[in-house]
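Novice: Could you have a look at this structure, given as structure tokens, before my questions?
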Amino acid sequence: MTFEQLLGILSDLHPEVDFEREQHLIDERILTSFDVVAIAAELMEGYGVELTAADILPENFNSARALFALIERLEQGA
Amino acid sequence: MSFLSGGFYMLLLALGVVYFLLPKNRRYLTLLAGSLIFYGLVDLRFLPFLLLTATAAFFAARRMGDSLQRQKAFVTENRARLPKPALEAYRQSQSRRRQRVFVLCLLFNLGLLGALKYLPWAMDALSAPWQIHWVLPLGISFYTFQSLGYLMDVKRGKYPPEENYLRFLLFVSFFPQLIQGPISRYDMLSTTLYAGADFDLNRLGRGLVRMAWGAMKKLLVADRLFPLLTLIFDTEGYLVVPGMVLYALRLYADFTGGIDMALGVGEIFGVTLPENFDRPYFSRSIEEYWTRWHISMGSWFRDYVFYPLNMSRPFLRWTKKLRARFCGGQMSRLPLYVSTLIVWLLTGIWHGAGWNFALWGLCNGAVMVLSLVCRPCFEGFHKRHPTLKGTKGYAAFEILRTFGLMCLLRLWDCYTTPRLVGRALLSLLQSWDVAALAAALVPGEWAVLALMTGAMVFVSIQKGGGFRTRYLTTTCKLYLAAALLLVLTLLFGAYGQGYAAADFIYGRF
């Protein structure tokens, strides 16, 4: 999965947010718990990323970069 | 013993003296002793249940931690020697072992909570031939959930288990948060709980100000409103509407007051408890409201129920099936809606054993599901009116809408059966005995309520570290403020002869 594809998923959900710059998606309540579940489902189903509930931490979802780093870690671990 | 009793302050003083006299690495023992004495003085019968819950969680976490250590050591030692399937088989066998321990402890602690809190109600609701009336330990839902959160974190490998039983017992029983929260996370609380902070006059002052402010909210607003609200909810008529607004005020003053006192006590000992509120009545949606009111409970259900449920294999399979069938339409989000309703049903039941709590939870969940279903319509509307969302008028509308909705949902809190809720709603058109209501509070009391409400709004909207950081910039100012708040509480608080302080509302959960 590429960073651009991830940006595509996030932008579909919230077109008004600049995901390349935003660093506090969870802390500033830009992403809600429903959004997080929707993103996780898309990543798992569409891209085969093996996420678990333990991966859903604010620090992993606070920015697109942090989320992409998590995806890379999970893909390398698989 | 409550936060408002004289005995509590005697205990606090004694603990403070002993705490700061002991060596740093022994100070946590003072807090533990104080916590057990506090809970024992609330009711000695509560103590065994707290000890059972904490002990079960402690040993279960230790076993899971040992299993995780064994697994890591085995993999490290045999990585070069054994084939990958053999390593994976060992990992799975250890994972199953941890799962067994986890489920056993979960069942034990939830079983204890269920038996004490829900079984008597269930027997009564089912009109069973025999009824159970046994002790319900105060704060059982809080300390049970705090223990279970710890257990789940250890199972996920978020941090290693606590090795020292007494330290862990303190984590579960820390007295300021024992009765009405907040529900702390071990990794956050443990950094300051066992540190044995040194005496600091400024920090003591900050703690005292926060405690005094909490007591003031409780005695000037919450308890002042208590008899008035009892009168309103015992009678029917159109005053149910202002009654619900006043109930929102009372609930806020009562719960945030109690939490302020808990955080203030923690601060005196250098222990940082999590903030539980973030100006909830300024929320623009019910979903946002629940991330700003009783934050520690909402985040507990989110992290330990909502996410795991949605990430569970059955839910993922179900989501996949529906997405393939309905090509991403509303129906494909059905698992999300169902999990939302489940979480909110559990949240409702957590608050108490009764149909009203279950229905209250389900109504909250239903509103959230409805807002999710309608989200495309709202988005379409805002696309057509792109400037509206940024206007102050629209923000005010959303805040008032959310506040009104929460008031409406809280009818389940004030009226215990669906029939009574229905009657209250129907009675909105009836007249009211205003004279009886006017007699409930004298004009001076209304003035105190209005001033305190203004003060609460003012304090809550302070930015940059809050009111204390912004205005009480010296130690001297802190002590003056604490003294002033105390005097105001003594002058205008609802207490005295013939008056019994109402219990903190959240203490009964």
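Novice: Report, as an integer, the average count of C-beta atoms from other chains found within 10 Å of each Cβ along A:39-48.
Specialist: That works out to 3 on average.
Novice: Right, next: Suppose every Lys and Arg Cβ carries +1 and every Asp and Glu Cβ carries -1, with no other charges. What dipole size does the range A:3-77 come out with about its Cα centre, to the nearest 20 debye?
Specialist: Magnitude of the dipole: close to 140 debye.
Novice: Need one value for A:50-56: mean number of C-beta atoms belonging to other chains within 10 Å of its residues' C-beta atoms.
Specialist: Mean shielding by partner chains, rounded to a whole number: 6.
Novice: Separate question: Could you give the distance between the Cα centres of the range B:223-275 and the range B:308-359, to the whole Å?
Specialist: 31 Å
Novice: Each label point is 7 Å from the Cα along the Cα-to-Cβ direction; what then is the distance between the points at B:Leu428 and B:Leu201, in nm?
Specialist: Label at B:Leu428, label at B:Leu201, 5.7 nm between them.
Novice: I'd like to check one number: the per residue accessible area of the protein assembly as shown, probe 1.4 Å, reported in Å² as a whole number. Walk me through the numbers before you get to the answer.
Specialist: On the way: 27940 Å² over 587 residues.
For the protein assembly as shown, the solvent-accessible area averages 48 Å² per residue.
Novice: What residues from the range B:394-409 fall in the zone where the backbone N is under 20 Å from a label point 7 Å along the Cα-to-C-beta line of B:Leu388?
Specialist: Backbone N within reach: B:394-405.
Novice: Consider all pairwise Cα distances in the protein assembly as shown and report the whole-number % of them above 35 Å.
Specialist: Cα-Cα pairs of the protein assembly as shown separated by over 35 Å account for 45 percent.
Novice: If each of B:Asp278 and B:Phe226 carries a label point 7 Å out from its Cα toward its Cβ, how far apart are those two points in nm?
Specialist: 3.2 nm
Novice: Also, I was wondering about something else. Tell me, how many Å apart are the Cα centres for the range B:48-78 and for the range B:169-215?
Specialist: Here the answer is 27 Å between Cα centres.
Novice: A follow-up question, please. Can you send over the carbon and sulfur percentage of the accessible area for the range B:295-339, probe radius 1.4 Å, protein chains only?
Specialist: 62 percent
Novice: Taking a probe of 1.4 angstrom, what is the accessible area of A:Glu16 in Å², to the nearest 10?
Specialist: Accessible area of A:Glu16: about 130 Å².
Novice: Then there's this: Along the positive direction of the dipole of the protein assembly as shown (beta-carbon charges: Lys, Arg +1; Asp, Glu -1; about the Cα centre), which of B:Ala455, B:Ala115, B:Gly34 reaches farthest?
Specialist: B:Ala115
Novice: Exceeding 26 Å between C-alpha atoms, which entries from my cross-link table qualify? They are B:Lys84/B:Lys155; B:Lys217/B:Lys477; B:Lys72/B:Lys321.
Specialist: Long pairs (Cα-Cα over 26 Å): B:Lys72/B:Lys321.
Novice: Toward the positive end of the charge dipole of the protein assembly as shown, about the Cα centre and with charges on Cβ (Lys, Arg +1; Asp, Glu -1), which of B:Met1, B:Trp130, B:His382 goes farthest?
Specialist: About the Cα centre, the residue reaching furthest to the positive side is B:Trp130.
Novice: Another one. What percentage of the solvent-accessible surface of the range A:3-77, computed with a 1.4 Å probe over protein heavy atoms, is contributed by carbon and sulfur atoms?
Specialist: C and S atoms contribute 45 percent here.
Novice: Determine the dipole magnitude for the protein assembly as shown: charges of +1 sit on the beta-carbon of Lys and Arg, -1 on that of Asp and Glu, nothing else is charged, the reference point is the Cα centre, and the result goes in debye to the nearest 20.
Specialist: Approximately 1100 debye in magnitude.
Novice: Sticking with this one: Over what distance in Å are the Cα centres of the range B:132-150 and the range B:378-419 separated?
Specialist: 33 Å
Novice: Something else now. Let's test the formula: R0 of 30 Å, r as the Cβ-Cβ distance of B:Leu480 and B:Ser5. What FRET efficiency results, to the nearest 0.05?
Specialist: Using R0 = 30 Å, I get an efficiency of 0.70.
Novice: Gain in length, B:Ala80 to B:Lys321, computed as 0.36 nm per residue apart minus the alpha-carbon separation, to one decimal in nm?
Specialist: Roughly 82.7 nm would be gained on extension.
Novice: Among A:Ala53, A:Val37, A:Thr2, which residue has its Cα furthest toward the positive end of the charge dipole of chain A, with +1 on Lys/Arg Cβ and -1 on Asp/Glu Cβ?
Specialist: Positive-end residue among those listed: A:Ala53.
Novice: When the chain is fully extended, how far beyond the present Cα-Cα distance does B:Cys374 get from B:Ser312, taking 0.36 nm per residue of separation?
Specialist: 19.7 nm
Novice: Could you give the size of the charge dipole of chain B about its Cα centre, using +1 on the Cβ of each K and R and -1 on the Cβ of each D and E, expressed in debye and rounded to the nearest 20?
Specialist: That gives chain B a dipole magnitude of about 2520 debye.
Novice: If you don't mind, there's one more thing I want to ask. Rounded to the nearest 10 Å², what accessible area does A:Ile56 show when all protein chains are kept and the probe is 1.4 Å?
Specialist: The accessible area of A:Ile56 comes to roughly 10 Å².
Novice: At q = 0.06, 0.11 Å⁻¹, work out log10 I(q)/I(0) for chain B with the Debye formula, treating every Cα as an identical point scatterer and leaving solvent out; two decimals please.
Specialist: -0.33, -1.11
Novice: Which of the peptides B:479-485, B:396-402, B:285-291 is most tightly packed, and how do the rest follow, going by the mean number of other Cβ atoms within 10 Å of each residue?
Specialist: B:285-291, B:479-485, B:396-402
Novice: What helices does chain B hold that run 18 Å or longer along their axis, going by alpha-carbon atoms, with a Kyte-Doolittle average of 1.6 or more, using DSSP H for the helix calls?
Specialist: Both cut-offs are met by B:6-21, B:475-492.
Novice: Between B:Trp446 and B:Phe458, what is the label-point separation in nm under the 7 Å Cα-to-beta-carbon projection?
Specialist: Between B:Phe458 and B:Trp446, the label points sit 2.2 nm apart.
Novice: Continuing with this model, one more query. Roll a 1.4 angstrom probe over the protein heavy atoms and tell me the percent of accessible area of the range B:440-491 that is carbon or sulfur.
Specialist: 78 percent
Novice: Here's something else I'd like to know. Chains B and A: what accessible area do they bury, summed, in square angstrom to the nearest 100, with a 1.4 Å probe?
Specialist: Interface between B and A: roughly 1800 Å².
Novice: Hey, what number do you get for chain B at 222 nm if only DSSP H runs of n ≥ 4 count, each worth -39500 (n - 2.57), divided across all residues, to the nearest 500? Could the numbers behind the result be given before it?
Specialist: Working: 26 runs with 351 residues, N = 509.
Value at 222 nm, helices only: -22000 deg cm²/dmol.
Novice: Based solely on C-alpha atoms, express the radius of gyration and the Dmax of the range B:329-479 in angstrom.
Specialist: My reading of the Cα-based Rg and Dmax gives 21.4, 62 Å.
The values are calculated or read from the model by the stated rules, or taken from the named source; none is laboratory data. Since we're looking at a predicted model, the values are computed, not measured. In this analysis, Cβ positions are derived from the backbone assuming ideal geometry, glycine residues included, and neighbour counts consider all displayed protein chains. What goes into the accessible areas is simple: the full protein's heavy atoms, side chains included, and nothing from ligands, DNA or RNA. Shrake-Rupley method; radii C 1.70, N 1.55, O 1.52, S 1.80 Å.
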